Every structure is written in C-alpha cells, then in structure tokens.
1. Considering only residues of region 86-116 that are in contact (Cβ under 8 Å) with a residue 40 or more places away in the chain and not basic (Lys, Arg), which is surrounded by the most Cβ atoms within 10 Å (Cβ to Cβ)?
2. Checking Pro6 against (1) more than 22 Å from the chain's Cα centre (by Cα); (2) part of a loop (DSSP other than H, G, I, E, B); (3) of a type outside the set (Val, Ile, Thr): exactly one of these is not met. Which one?
3. Filtering region 253-265 down to residues that are out of contact with any helix residue (DSSP H, G or I) (no Cβ under 7 Å at 6 or more places or on another chain) and assigned to a loop (DSSP other than H, G, I, E, B), which residue is most open to solvent (accessible area, probe 1.4 Å)?
4. Report, by residue number, each residue of region 25-45 that is basic (Lys, Arg) and either under 19 Å from the mean Cα position of the chain (by Cα) or at pLDDT below 95 (or both).
5. Being buried (at least 17 other Cβ atoms within 10 Å of the Cβ) and either in a strand (DSSP E or B) or free of Cβ contacts under 8 Å to residues at least 24 places away in the same chain (or both) is the filter here, so list the residues in region 75-85 that pass it.
6. Given the condition under 21 Å from Asp209 (Cβ atoms) and assigned to a helix (DSSP H, G or I), answer yes or no: does some residue in region 96-119 qualify?
7. Could you check region 17-38 and list, in sequence order, the residues that are under 22 Å from Trp77 (Cα atoms), open to solvent by less than 50 Å² (accessible area, probe 1.4 Å) and either in a helix (DSSP H, G or I) or out of contact with any Leu (no Cβ under 8 Å at 6 or more places or on another chain) (or both)?
8. Only one of Gly179, Gly145 is touching a residue at least 24 places away in the same chain (Cβ under 8 Å), at positive phi and under 14 Å from the mean Cα position of the chain (by Cα); which?
Amino acid sequence: MSDLHPYRSVLYMPGSNPRALEKARTLAADALILDLEDAVAPGEKARGRALVCEAIQTGGFGPRKLIVRINGLDTEWGAADLEAAIAVRPDGILVPKVSSRATLSDVAGRMAHPVPLWAMMETPLGVLNAAEIASTPGLAGFVLGTNDLVKDLGAEHTADRTPLVTGLGLCLLAARAHGLICVDGVYNAYKDTDGLRAACEQGRQMGFDGKTLIHPAQLEIANEVFAPSAADIDLARRQIEAYEAAIAAGEAVAVVDGRIVENLHVETARKTLAHADAIVRLAQN
C-alpha cells in the first residue's frame, strides 16, 4: 500500500447534520466518510451537499482523511454531488454500489482534476468483479458495504460472518493484488462492545486495514484492535534484529521465540513498525 496513513477507524458522518460535522473535527477517527447517500434523506440532499462542502472548505479536521460518499450517478443527485465534491478537493470520493470498472471510469471521466476514488463493494456483481474494479487507475481503496451485501445475498447477519467470508476474501485479495486500502464493513449494534471487538479482531485477522463505524462510541475499540500492540512491536523489532544478525553471520534464517524467521517475516515486521510509526505521527498532529 502506498498510503501509509492509518485507516483503523473510518467513521460515517451524516452530511445533513451540522452538529455531527462539527463534532467530527474532534473525534479520534483516522478517516471520516462525509455521507451524502444513505445517511441523507431525499429532501435533504441539496442541503447536505452544501453543508459537507462548507465543512471541507472551513477545515479544522486536522490529520483526519476526509472522504465524501456521493450518490450514484444513476440518481438525480449524483452528478451534482460529484461536481461539488471535486470543487472542494476532499481526500477521496467514495462511489456507492460499484459493480464494474465502468462505474468508476464514468466518475473519473467527469473530473476536471483528479481526486482519489474509493469504491463501495456492496453488491454481488461488484464482489465478483473485484479484481477488475481494483485495477482502475486512480483508485485508492475499497470500503465493504456488508449490510447491502447481506441483503442482496438473502443471507443473515451472524456473529462469525460465515455468509460473508467468501465476499470479504475476494475483495481483500483484489485489493492486495493492486495495492489498495481495504476497510471492513460496519458493526450495527454500536452499544455491543464485545461484539464489536470480536468483529474487529476477525477483520484484522483477515487482513483488513480497519473498520467502518457508525457511531463515535466505536472508535476506541477499532483504533486499539487495528493498531500493532506493544507485543507486536517488540516481536517485530526482535525479528528484524535477529534476521540481520543471521545474515551478517552468513545464515539465511534466524530463530525468534522458537520460530523460524525468514525474509518474508521481516517484511511483515517492517510493515508493522511503519504502521506503528504512522499512528504515532497521526496522534501528534
């Protein structure tokens, strides 16, 4: 991934709620999705668009990445959303219900100047076309829309997310093959901290960069789970030191805590330390 900015916590904020937009400036989120789509009622679309653009222009969000989720270009609001978002130059534009590369190409073709695109992966066709979509020039990342995907599959929400594992995995594979950020879907029961932690842990184990969130109360757990722990950092440092010592001694592998350490483990260790450093820098800004 070329973007070293952390995406542990990516919080949806309703674009038509000025109090929420103001509060977002103080929240410990790595990134904010300023939402013009699902979180904004049809009668509030124009107002939400104006509020989001004003908020971006006013600034004050610090190091948080600002991503605007527009309405689809197949709706009556999408073209105006895109034009307005391009004008204020957010850190990204999130396109909903991306089912093919053509959807993103249509958006990109309307841009007077480039803004990084993000794709909502939330339809069965989109998941099946994940590799093609991930190859789109100018694409920064995937955001999993698991609620819509469950609906379209006719599946059920389960604690272990077994009905979604195939779709999650296909999107992750495509994202990693093309160097994209990949952010997991939301956890709906925002007061269920144990369930949220379990979902975040599963997402991290699978390889997601972070999790989309629907409430500020979810930030602390997501930030903790998707950050390297003190033990992770210590192990990474020891693996690098042991491997470098082994190479200097003319050996190809090292042993740390009774386990073989090869070059691939050292690559992972270096990424762990880089991630930890990026989180520290984010906190200092």
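1. Leu94
2. Failed condition: (1).
3. Out of the qualifying residues, it is Asp257.
4. Here is the first cut: in region 25-45, the residues basic (Lys, Arg) are 25, 45.
Across region 25-45, the qualifying residue is only Arg25.
5. Gly78
6. yes
7. Across region 17-38, the qualifying residues are Ala20, Leu21, Asp35, Leu36, Glu37.
8. Gly179
The values are calculated or read from the model by the stated rules, or taken from the named source; none is laboratory data. In this text the structure is predicted, and so the values were computed from the model without any measurement. Using ideal geometry, Cβ is built from the backbone for each residue, glycine included, and neighbour counts are taken over all protein chains shown. The protein model used for the area step is the full one, side chains on, heavy atoms only, and it has no ligands, DNA or RNA in it. Shrake-Rupley method; radii C 1.70, N 1.55, O 1.52, S 1.80 Å.
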